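Undergrad: Before I ask anything, let me first share the structure, which is written out below as structure tokens.
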Amino acid sequence: MERSKEIFGNIMPKKVYKKAIKSKRKYQKKYGSDENKDFPVSLKPNKVMENLGIQNIELNSEGEALDTEKSVIVGNIRMGFGHYRISMAIASCAHALGYTPYWMDLNSYPDTVCTKVISAQNDLSSLGSRLSGKSWLFNKLIWEPLNYEGFRKLSYNASDQKNAELMAPVFKNVPKDIPVIATHVWPAQAAIHAGMERVVNAIPDNWPMALHLAEGALHTIQTHNSYQGYRILNGMNGKKVCKEMPADSLLYTGHYIDHELVSNIETDCERRIKRKKDGKPTRFLLTIGGAGAQKEIFDAIIRYLLPDIKEGRAVLYVNVGDYEHVWHELVNAIPGLSGVSTEHFDNWEDTKAFAEEALNGDVEGVHAFAHKNIFEAVYCTNLLMRSADVLVTKPSELAFYPVPKLFIKRVGGHEQWGAIHSAEIGDGTLECRDIPHTLQMVRMFLKEDTLLCDMCENIVKNKAAGIYDGAYKVVEAAVRQ
């Protein structure tokens, strides 16, 4: 089926199809084609994520063969931290349900055209994120419209479908009946083009965009609002009413959350409320994502909290991921920060031990975390989340996590809908679009009981309603196809 000509029964104009072909040819001219190459596949244990039973799929014959009985492939790309984090949630729940998660990162095979194409687009995305944080004009005129309306169009999906044909060869020797759960649309599209028979496309965010469509896969959705938008392909062809997606191609699941977090929601929320009632310092977890953007907001938060940290009224966790230089820049810029800080850099055992001890023990000061390993860099936030009181983050994939959240300014217009959803179900704040409003929320979490305790109570209620069970349901849907 020519998926760039027709998308869920919506015929693309000839100029859109020609543009899609041109896009594919551009990459072919630059990187070549792997269509006639034969990539063997085998398994290698992921030592960082061994608690989740993850096995990495390597393009060689040096490891173990793939098991087709009790396994699921988690197809992803290393683009920022979001898609990796969702993949970890899927892998966690697959492991909890008795399946072995096979990690297939299409951006980790440097000798393939697949990875070269993805890396080129990843570089552009990271550049755009950084520029949007530095230039108000670039953000207003280019980045916001692209992320909000540009990626929303069916015409964008047509080009992506063509480009994904270049990614399909990495699936050539993967057994076709193993379920594939893709946490980015490109692995889903590539798997479909390669003839994989059981593909689930786990859609992130809460703003329906044609960017995320992979016709032929089962699309899973985290919110009811997003479900309705995808069902009718709302606004994806201008003002024209689109032919809707078939009902059996779409499934509402709830939020994609790790088993380790979901299973401990009641206990962790009880601890947060008790710490607040007992007058313990409020623990803030600051995360800097893969693009390293928004450093000025974190600078302002740290400066504001520093007196309270020194007086024992606040504690700060700062995860800069694989951007250690960002932490050093903050230390150099903020007087007195180094004197109250403990650095946990590239010592995974130390990070795990701290996260475990913090669950029941007292913590003081500032604790900074940085890891060069991408798995450690991402999963560090998940480990720290359980003992944190407030997660401070842009409203990205973390908007769906079961922890009280303070949302700073978004990066890209689509992210605002994550904050809206979180505020409506009561587990996060409104999006704070400037520093003064951000600091107002910091003060309220610090000085009052109401905001934090109310969010904790809502998180427990949301769990009872199944809102955080999405990753389990995605796995169950994949294996029964």
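Computed from the coordinates by the stated procedures, all read-outs in this text should not be read as laboratory data. Note that the structure is a prediction, hence the values are computed from the model and not measured. Glycine also receives a Cβ, built like all others from the backbone with ideal geometry; neighbour counts cover every protein chain displayed.
Undergrad: Using the per-residue mean of other Cβ atoms lying within 10 Å as a proxy for protection, in what order, highest first, do the peptides 18-30, 310-322 fall? Can you show the working numbers first?
TA: Details: 18-30: 14.6, 310-322: 21.4.
Packing order, densest peptide first, comes out as 310-322, 18-30.
Undergrad: Could you pull out every residue, at least 5 positions away or on a different chain, whose amide H is within less than 5 Å of the one on V199? Hs are placed 1.01 Å off N in the peptide plane, and Pro or chain starts have none.
TA: Placed amide hydrogens put V180, L218 under 5 Å from V199.
Undergrad: Taking amide H positions as placed in the peptide plane 1.01 Å from N, state which residues far from N206 in sequence (5 or more) or on other chains have amide H under 5 Å from it.
TA: G418
Undergrad: Excluding residues fewer than 8 places away in the same chain, name every one of the aspartates and glutamates whose C-alpha is closer than 13 Å to that of K310.
TA: List returned: E364.
Undergrad: Report, by chain and number, residues whose modeled amide H sits under 5 Å from the one on V392, excluding near sequence neighbours (fewer than 5 apart, same chain).
TA: Amide H to amide H, under 5 Å and 5 or more residues apart or across chains, V392 pairs with L285, L286, T287, L406.
Undergrad: A further question on this structure: If you rank S129, S119 by fewest surrounding Cβ atoms within 10 Å, what's the result?
TA: With the fewest neighbours first, S129, S119 line up as S119, S129.
Undergrad: Now, a different point. Set the Förster distance to 35 Å, then compute FRET efficiency between K461 and Q440 from the Cβ-Cβ distance, nearest 0.05.
TA: Here the calculated transfer efficiency is 0.85.
Undergrad: Report relative contact order for segment 260-464 in percent, whole number only (criteria: Cα-Cα under 8 Å, sequence separation at least 6).
TA: Values: 341 pairs, mean separation 49.4, N = 205.
The value is 24 percent.
Undergrad: Please state the relative contact order of the chain as a whole percent: Cα pairs under 8 Å, 6+ residues apart?
TA: Working: 969 pairs, mean separation 78.2, N = 481.
Relative contact order of the chain: 16 percent.
Undergrad: Right, another one. In whole Hz and in residue order, list the ³J(HN,Hα) couplings for segment 97-113 that follow from phi through the Karplus curve 6.51 cos²θ - 1.76 cosθ + 1.60, θ = phi - 60°; x for Gly and Pro.
TA: Running phi through 6.51 cos²θ - 1.76 cosθ + 1.60 with θ = phi - 60° gives 8, x, 10, 8, x, 9, 8, 10, 8, 5, 9, 10, 10, x, 8, 9, 5 Hz.
Undergrad: I've got another one for you. With the cut-off at 20 Å, tell me which of the pairs K24/K153; K15/K140; K409/K463; K5/K243; K153/K295 have Cα atoms farther apart than that.
TA: Over 20 Å apart, Cα to Cα: K15/K140; K409/K463; K153/K295.
Undergrad: Additional query: Once you place label points 7 Å from the Cα toward the Cβ at N60 and K176, how far apart are they in nm?
TA: For N60 paired with K176, the spin-label model returns 2.9 nm.
Undergrad: May I ask you to evaluate 6.51 cos²θ - 1.76 cosθ + 1.60, the Karplus curve with θ = phi - 60°, for each residue of segment 11-21 and list the ³J(HN,Hα) values in order in whole Hz, giving x for glycine and proline?
TA: Whole-Hz 3J(HN,Hα) from phi for segment 11-21: 6, 8, x, 4, 5, 5, 5, 5, 5, 5, 4.
Undergrad: What area, in nm² and to one decimal, does the C-alpha convex hull of the chain cast on average over all directions?
TA: 21.4
Undergrad: Taking neighbour Cβ counts within 10 Å as the exposure measure, how do M209, M444, M1 sort from fewest upward? Walk me through the numbers on the way to the answer.
TA: Values: M209 24, M444 14, M1 9.
The most exposed by this proxy come first: M1, M444, M209.
Undergrad: Please arrange F369, F298, F8 by counting, for each residue, the other beta carbons lying within 10 Å of its beta carbon, fewest first.
TA: Fewest-to-most ranking of F369, F298, F8: F8, F298, F369.
Undergrad: Ordered by residue, what ³J(HN,Hα) values in Hz, to whole numbers, does segment 185-197 give under the Karplus form 6.51 cos²θ - 1.76 cosθ + 1.60, where θ = phi - 60° and Gly and Pro are x?
TA: 5, 5, x, 5, 5, 5, 5, 5, 4, 7, x, 5, 8
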